[in-house]
Every structure is written in C-alpha cells, then in structure tokens.
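The values are calculated or read from the model by the stated rules, or taken from the named source; none is laboratory data. The structure displayed is predicted, hence computed values, not measured ones. Virtual Cβ from ideal backbone geometry, glycine too; neighbours counted across all protein chains shown.
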Amino acid sequence: MPTHRERVETALDHREPDRVPLGIWMTLGAYKKLRQHLGMPVRDAYPPGSTTWSLDVHVEQDLIERLELDVIRIGSSTPTGEGFVEEADGCFVDEWNIRRRRIEFESGYYLEIENPPLGEAMAGDLADYPWPDPTADGCWNGLEEKARRLYRETDLAILAQFGRGGIYEQAKYLRGHEQILLDMILNPEFVHALFAKLCEIEMKFNEIGIKLIGKYLTQVRLSPEDLGTMDNLQISPATFREFILPYYQKSFGHTQKLLKAENPRAKLQFHTCGSVYPIINDLIAAGMEIMDPLQPIARGMEPARLKANFGDRLSWWGGIDVQNTLPFGTPEEVAAEVRTRLREMSPGGGYILSSSHRLQPDIPVANILAMYDAAREFGVYGRVGT
C-alpha cells in the first residue's frame with residue numbers, strides 16, 4: 001500500500017498508483033458546515049494566513065485524515081501576519097491596500113472590491129505604491145515548522161501557495177477589470193509596467209517560499225489567474241500572448257527552476273477557470289505541469305477531450321462540477337459524475353479528483369461526502385469507474 005504522498009507523486013508522474021488521489025478546496029462557510037456535520041470541533045476564528053479575502057480555508061489535518069484525502073494545502077500569510085483587516089465602516093483591507101465590502105447572500109457572503117486603488121494611476125505612480133513586502137517576517141512565521149512537521153509526522157502530499165496576488169488577476173483587482181482591458185488598447189505602457197511589478201513580487205514570494213520549504217513539497221500552486229469565462233477567453237489569444245504570456249514565462253520559468261533544484265519530483269500547479277483551450281499549449285510550454293481546476297462544463301473544456309489532447313504532458317486537479325451537480329444534484333447523481341470523471345481522466349495517471357472549484361456553503365454535506373465515498377470506491381486502478 002503506497003503512502004498518500006507516494007500515491008500523488010505516482011499520479012503526477014503519469015503512472016497509475018493504487019487509486020486516484022483525492023484533494024479538497026473549500027470556502028470557510030462550507031468548511032465549518034462540514035466539520036459541524038461530522039461532529040468535529042469548529043473554531044469561531046481561524047489563524048491568519050489560513051483564510052483569504054476569497055474565503056478559501058486551509059483544510060486542517062484532522063479533516064483531511066477523516067475523509068481519507070491525499071493532499072494538504074499550506075501557504076504564506078501577509079506581511080503583517082494578520083490576514084485582511086476589518087475597518088470601522090465594515091470594509092476589509094488586504095495586504096495590497098484593496099478595500100472590499102461584505103455582501104450577504106442566502107447561504108453566506110462574499111467580499112466585493114470598492115474603488116480599485118490604482119484605477120486612476122499612471123505608470124509613474126507605481127514606484128510609490130505600498131506594495132506587499134515578500135521578505136517581511138509575517139509572511140513566513142511558522143510555515144517552515146508546519147511543513148517540516150507535516151512531512152515527517154504524516155505521509156500526506158503537501159501543496160503550497162506562496163504568492164497571494166498573481167499578475168493578470170491582481171491587476172484586475174488593483175486597476176479594475178474593465179480598465180485593465182481598456183489599457184491593453186489605450187495604455188499598453190502602463191500594462192507592461194504594472195505586470196512587470198506584479199511578476200517581480202510573485203517571483204520573490206515563490207523564491208523565498210521554495211527555499212524555505214520546497215524540499216517538503218509535492219506541488220507548488222502559483223497565484224491564481226482566471227483567464228476565461230464560461231464560453232471563451234477573457235481576451236484574444238493574440239492579446240494574451242502579447243501582454244500576459246511573457247510574464248508567465250518569466251514567473252513560471254523562475255519558479256520551476258528553483259523548485260526542481262530543491263525537489264526534482266515536485267510539480268508546478270497553475271489555476272485558471274473557464275474556457276481556455278486555445279492557450280493550454282502556451283501554458284504548458286511556459287511550465288504548467290498541473291492544471292487547476294478541471295472545469296467540465298466550460299465550453300471546449302470537455303474532460304475527455306483534454307485528456308486525449310494533453311494527457312501525456314499535463315495533469316489535472318478537480319473535475320466534479322461545483323456549479324450544477326454538487327449544489328443541486330442528488331448524492332446518486334454526484335456518484336455517477338464521479339464515476340464518469342474517473343473513467344475519462346484516470347487512465348495513465350495524471351489526475352487528482354476534487355471539486356471543479358471551491359466547495360461553497362450551499363452545497364449539501366451529503367453531496368460532499370458522496371463525492372469522496374464514490375471516489376474511494378470507484379477510483380481503484382484495475383477497476384476504475386466500475
């Protein structure tokens with residue numbers, strides 16, 4: 001019987017382990033709901049760095065072990081070590097000086113940006129902006145000790161994310177989504193100046209993090225960069241290759257070189273949602289080894305098609321639909337989708353099963369448990385999906 005770590009490493013080497021590895025990605029609301037259902041302790045507050053403005057949470061070891069998962073996620077914090085800060089008016093401010101207001105909805109809340117702080121800036125203003133400092137002690141407090149303990153005391157595969165911003169994604173938050181797209185036509189010099197600065201920060205976070213704990217890792221997840229809508233790319237392939245790809249090539253290449261020097265078996269994971277089929281080859285050439293997530297209902301992103309065309313060069317994380325099946329299906333329908341995804345994606349390895357995006361609080365706990373129960377039952381190599 002392989003260890004969890006060996007199972008993940010085997011799959012990411014495009015070989016078949018004993019069963020398909022399992023990962024998890026949750027929001028804080030869904031996490032508390034699941035823990036409560038399972039009779040596990042639920043905290044009122046979680047440590048700085050374990051949650052982000054997007055309400056992601058680093059799922060704790062006890063739940064990972066309870067669900068018999070294979071991957072645990074850790075990462076850096078903010079320069080102050082305090083996470084985002086709530087102001088008197090109810091807004092939250094992150095380490096990029098971006099203010100977000102809490103917007104309630106039926107099953108929880110999200111944080112919406114108010115007035116992007118660089119919305120009116122010129123290229124010359126970037127030098128004076130209060131950028132996050134990757135060298136600040138608060139970013140790294142306790143991370144080395146946590147990674148070392150997990151590596152030595154458990155057999156879990158460890159996934160780490162160090163940067164908390166990215167390049168294109170963070171530009172949208174700082175500048176405004178509409179404005180950064182207009183800039184690519186009207187103000188390209190500003191775009192390149194901003195992307196260059198964001199690339200520098202991203203690379204420094206990854207450089208420090210890899211030198212600190214790279215030897216313990218199975219995967220490094222780059223800061224997320226949503227490039228697609230449900231139907232198409234947000235920008236044309238030509239515009240992507242002119243404005244964004246050069247910075248990915250620089251960041252991916254720098255990070256991958258450092259990672260392989262510390263730990264040749266570790267892999268580089270990149271996140272983008274949406275319909276991005278036309279640029280997958282570009283991302284692979286830049287250094288992407290694991291694509292996160294596998295989003296099965298985005299146009300052109302049919303899992304079987306992706307496996308057939310890229311399966312010898314790329315691994316995937318995700319695959320179980322978080323937009324329809326998990327929130328609105330029955331446990332039986334969830335199990336049926338798991339079996340389909342396993343048949344499509346598991347041959348030859350290269351697949352870690354999880355939800356196709358964050359598990360949200362509107363997803364029934366029964367469906368979360370059905371996903372993992374079915375994955376363990378039907379994900380055994382030699383009889384996958386049957």
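Picking from residues in the stretch 86-128 that are assigned to a loop (DSSP other than H, G, I, E, B) and acidic (Asp, Glu), the one that is modelled with the lowest pLDDT is Glu106. Of the residues Arg313, Arg339, Arg343, Arg305, the single one that is at pLDDT 95 or above, out of contact with any Pro (no Cβ under 7 Å at 6 or more places or on another chain), among the basic types (Lys, Arg) and assigned to a loop (DSSP other than H, G, I, E, B) is Arg313.
Scanning the stretch 350-373 for residues that are surrounded by fewer than 23 Cβ atoms within 10 Å (Cβ to Cβ) and farther than 18 Å from His37 by Cα turns up His357, Arg358. Residue count for the stretch 109-137, restricted to those that are free of Cβ contacts under 8 Å to residues at least 24 places away in the same chain and either hydrophobic (A, V, I, L, M, F, W, C) or surrounded by 17 or more Cβ atoms within 10 Å (Cβ to Cβ) (or both): 1.
Quick one: is Glu9 in contact with a Lys or Arg (Cβ under 9 Å, 6 or more places away or on another chain) and modelled with pLDDT of 95 or more? Here the answer is yes, as Glu9 does meet what is asked.
Suppose we filter Asp56, Asp62 for residues that are modelled with pLDDT of 85 or more, crowded, with 19+ Cβ neighbours inside 10 Å and acidic (Asp, Glu); which single one remains? That would be Asp56, the only listed residue that is modelled with pLDDT of 85 or more, crowded, with 19+ Cβ neighbours inside 10 Å and acidic (Asp, Glu). Scanning the stretch 82-100 for residues that are surrounded by 15 or more Cβ atoms within 10 Å (Cβ to Cβ) and touching a Phe, Trp or Tyr at 6+ places or on another chain (Cβ under 9 Å) yields Gly83, Phe84, Phe92, Val93, Asp94, Glu95, Trp96, Ile98, Arg99, Arg100.
Looking only at the stretch 241-278, residues that are crowded, with 20+ Cβ neighbours inside 10 Å, of a type in the set (Lys, Arg) and either part of a helix (DSSP H, G or I) or free of Cβ contacts under 8 Å to residues at least 60 places away in the same chain (or both) come to 0 in all.
Among the residues of the stretch 279-303, those identified as surrounded by fewer than 17 Cβ atoms within 10 Å (Cβ to Cβ) and not β-branched (Val, Ile, Thr) are Asn281, Ala285, Arg299, Gly300, Glu302.
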